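See below for the structure under consideration.
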Amino acid sequence: MVVCDGLGGLTRDAFHRHQQVIMTFLNNSGIGPGKLVALALPRDRRMMLCVATIAATGAAWLPIDIEAPQNRARLILEDARPALVLLPDTDHLGWACGYEAWCLDAFELTPCRIAANTKPLGKIGTVPPDTAYVTYTSGTTGRPKGVIIPRKALLNFLHSIRETLDFGSDETLLAVTTWTFDIAVLEILLPLASGSRCVIASSADVRDPGRLTALIRTHRVTAMQATPTLWQTLFGTAASEALQGLLLLSGGESMPAHLARQMSSVGRAVYNLYGPTETTIWSTAHRLAPDEPDTPPAGRPLANTRLYITDRSGGLLPDGVVGELMIAGDGVATGYLNRPALTASRFVPDPESSTGALAYRTGDRAALDSRGLLSILGRLISR
């Protein structure tokens, strides 16, 4: 567990001092717009510091889960071909897979070059210069895909979710999400953007409801984001008592009606969130009523986001008719890294744009009611 304030647990001067040292290393290695830096780091303040520093150089970051099977990391690195890999220590040198690698000490926060290329890797990969980060999908439906998120999309999300949640500098957020799951970006960057505090739970903390309860109480946590699966685990234990009065965020899976009622009975505000990775973290939000009667809807779009329900040929359907959900607006990703054919099939012209903007075909069955509330009804049988 690590407790961070809006500057990663450092004073403002210390944060900027460490950031400048890391930035100098990055600049000397030619890291800048269009370059990708892989972060194979544990769940601690190094994530916040490195993300902020990489963003300041204009480069993009790529999260790698060092607790996942190493063959997944190898597959991702071989596809993305980053210019640099940041590691926590020399014990993880194997994760670099022969790429240029640095070790970032947990306490000194000073990078040290520990390896150079040990095999021919071919040309280092590039991304569009406006890229904020690249994140890979789970690969449960096939080969993992690298989703390219532009800076405009990330900034729009952070601004709109902060306004939607009324998330201020007095909040303390408990971060429990695996670093490579894109919703973790909210947990890392929303505290930085709002000047609030972040308590980063370890993987062991997340697996133990008692330890999570202790973190909530000890650090006076005021907000937490999790999937319905984790929320149901917590509500099946005494940990639910510690959630009284918290801002509770749920997404990534369908929220059952009984869980919606449990959460709304204890949270000061409870939000059901929905959004594919390809439209930047969350695209819609619904604040649960205290006596939410049914399975909650996915809600209304965040700022600068448009929702369409389409038929098989891409034609727009009226309210109440079930079809495929298509999402447009500032949150839409650039596309998939190194997969132009798949990008062209899933990212299509926005029917309401006169500037050539794209919309994302989600593959989700959905409907919009007369109030503009979105309901997700499962996946399409075929794509």
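The values are calculated or read from the model by the stated rules, or taken from the named source; none is laboratory data. The shown structure was predicted, so the numbers you read here are calculated from the model rather than taken from an experiment. Backbone-built Cβ (ideal geometry, glycine too); neighbour counts: all protein chains shown.
Right, Arg17: in a helix (DSSP H, G or I), in contact with a Cys (Cβ under 7 Å, 6 or more places away or on another chain) and either hydrophobic (A, V, I, L, M, F, W, C) or at negative phi (or both) or not?
On the way: in a helix (DSSP H, G or I): yes; in contact with a Cys (Cβ under 7 Å, 6 or more places away or on another chain): no; either hydrophobic (A, V, I, L, M, F, W, C) or at negative phi (or both): yes.
No; evaluated as a whole, the condition is false for this residue.
Under the condition of being out of contact with any strand residue (DSSP E or B) (no Cβ under 7 Å at 6 or more places or on another chain) and among the aliphatic types (A, V, I, L, M), which residue from segment 56-83 is farthest from Arg197 (Cα to Cα)?
Leu75
Take the residues in segment 199-212 that are surrounded by 19 or more Cβ atoms within 10 Å (Cβ to Cβ) and not small (Gly, Ala, Ser); name whichever of them is farthest from Arg45 (Cα to Cα).
Selected residue: Pro209.
Identify, please: which residue in segment 167-179 is modelled with pLDDT of 90 or more, surrounded by 18 or more Cβ atoms within 10 Å (Cβ to Cβ) and not acidic (Asp, Glu) and is, among those, nearest to the chain's Cα centre (by Cα)?
Thr177
Do we find that Pro63 is under 22 Å from the mean Cα position of the chain (by Cα), under 24 Å from Val221 (Cβ atoms) and modelled with pLDDT of 90 or more in this structure? Give the derivation first.
Working: under 22 Å from the mean Cα position of the chain (by Cα): yes; under 24 Å from Val221 (Cβ atoms): yes; modelled with pLDDT of 90 or more: yes.
So Pro63 passes the test.
Could you list, ordered by first residue, the pairs with Cβ atoms under 6 Å in which the first is in segment 256-274 and over 30 Å from Val332 (Cβ atoms) and the second is of a type in the set (Val, Ile, Thr) and crowded, with 16+ Cβ neighbours inside 10 Å, at least 6 apart or interchain?
Once the first residue is over 30 Å from Val332 (Cβ atoms) and sits in segment 256-274, its partners that are of a type in the set (Val, Ile, Thr) and crowded, with 16+ Cβ neighbours inside 10 Å give Ser264/Val270.
Just name the residue that is modelled with the lowest pLDDT out of those in segment 367-376 that are more than 23 Å from the chain's Cα centre (by Cα) and not charged (D, E, K, R).
For segment 367-376, the residue satisfying everything is Ser370.
Any chance you could count how many residues in segment 26-55 are at positive phi and in contact with a strand residue (DSSP E or B) (Cβ under 7 Å, 6 or more places away or on another chain)?
Residues that pass the stated criteria total 0.
Mind telling me which of the residues Thr110, Thr90 ends up being at pLDDT below 80, in contact with a strand residue (DSSP E or B) (Cβ under 7 Å, 6 or more places away or on another chain) and among the hydroxyl-bearing types (Ser, Thr, Tyr)?
Checking each option against the conditions leaves just Thr90.
From the list Leu243, Leu249, which residue is in contact with a strand residue (DSSP E or B) (Cβ under 7 Å, 6 or more places away or on another chain) and at pLDDT 90 or above?
None of the others qualify; the one that does is Leu249.
In segment 336-347, what residues are part of a loop (DSSP other than H, G, I, E, B) and either touching a Phe, Trp or Tyr at 6+ places or on another chain (Cβ under 7 Å) or crowded, with 21+ Cβ neighbours inside 10 Å (or both)?
Leu337
Condition first: of a type in the set (A, V, I, L, M) and surrounded by 22 or more Cβ atoms within 10 Å (Cβ to Cβ). Now tell me which residues in segment 50-79 satisfy that.
Val51, Ile54, Ala59, Ala60, Leu62, Ile64, Ala73, Ile76, Leu77
Looking at Arg287, is it charged (D, E, K, R) and in contact with an Asp or Glu (Cβ under 7 Å, 6 or more places away or on another chain)?
It is false that Arg287 is charged (D, E, K, R) and in contact with an Asp or Glu (Cβ under 7 Å, 6 or more places away or on another chain).
Would you confirm whether any residue within segment 221-241 is on the phi > 0 side of the Ramachandran plot and within 25 Å of the chain's Cα centre (by Cα)?
no
Given the conditions (1) crowded, with 23+ Cβ neighbours inside 10 Å; (2) not in a helix (DSSP H, G or I), and given that Met47 satisfies all but one, which numbered condition is not satisfied?
(2)
Wholly within segment 152-229, which helices (runs of 4 or more DSSP H) include no fewer than the required count, namely at least 2 residues that are touching a strand residue (DSSP E or B) at 6+ places or on another chain (Cβ under 9 Å), in contact (Cβ under 8 Å) with a residue 12 or more places away in the chain and under 26 Å from Gly329 (Cβ atoms)?
Ranges flagged: 184-194.
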